[in-house]
Amino acid sequence: MQSRAHPGEPMATPDDTLLDITDIRRIFKLGRTAAYELTHRPEFPGPIAISPRCYRWWASEVAAFAAALRQEPARTSAQRTRRPCLPDSATAPRRITGRVRAARNRKEGRYDRHDHSRPARS
């Protein structure tokens, strides 16, 4: 009998399959980091530990999660974009203080300006 990460969840059907992170990435069209972030969300189905470093998710639970995401009202573009934090127009502009160093020419690197060979290794 398979154990569940969350008590009270229905058991998987006999024909249910286990999905790995590659399958999660493919279903949600995500990169590796975003897929791992998705699987760590509290509302995402709990993983099944195959070994200490190997986890799988029930396909039926992932499908139910994806369906629930589709049911949520889509965020408007105004909600998605963050407005830049602009200073209040009533305040005076700030002065930049401090020392300014001249930028180096691209051809001038950390090596001698005229000798473009690398220094000898010791």
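Restricting Ala78, Ala64, Ala120 to those that are in a loop (DSSP other than H, G, I, E, B) and at pLDDT below 95 reduces the list to Ala120. Cβ-Cβ contacts under 9 Å between residues 6 or more apart (or on different chains), taken from a first residue in segment 31-60 that is free of Cβ contacts under 8 Å to residues at least 12 places away in the same chain and assigned to a helix (DSSP H, G or I) to a second residue that is of a type outside the set (Phe, Trp, Tyr) and surrounded by 11 or more Cβ atoms within 10 Å (Cβ to Cβ), are listed as Arg32/Ile21; Arg32/Arg25; Ala34/Arg25; Glu37/Leu30. Of all residues in segment 41-53, those being of a type outside the set (Lys, Arg) and closer than 13 Å to Phe65 by Cβ number 6.
The values are calculated or read from the model by the stated rules, or taken from the named source; none is laboratory data. Since we're looking at a predicted model, the values are computed, not measured. All Cβ positions, glycine included, derive from the backbone under ideal geometry; neighbour counts span all protein chains shown.
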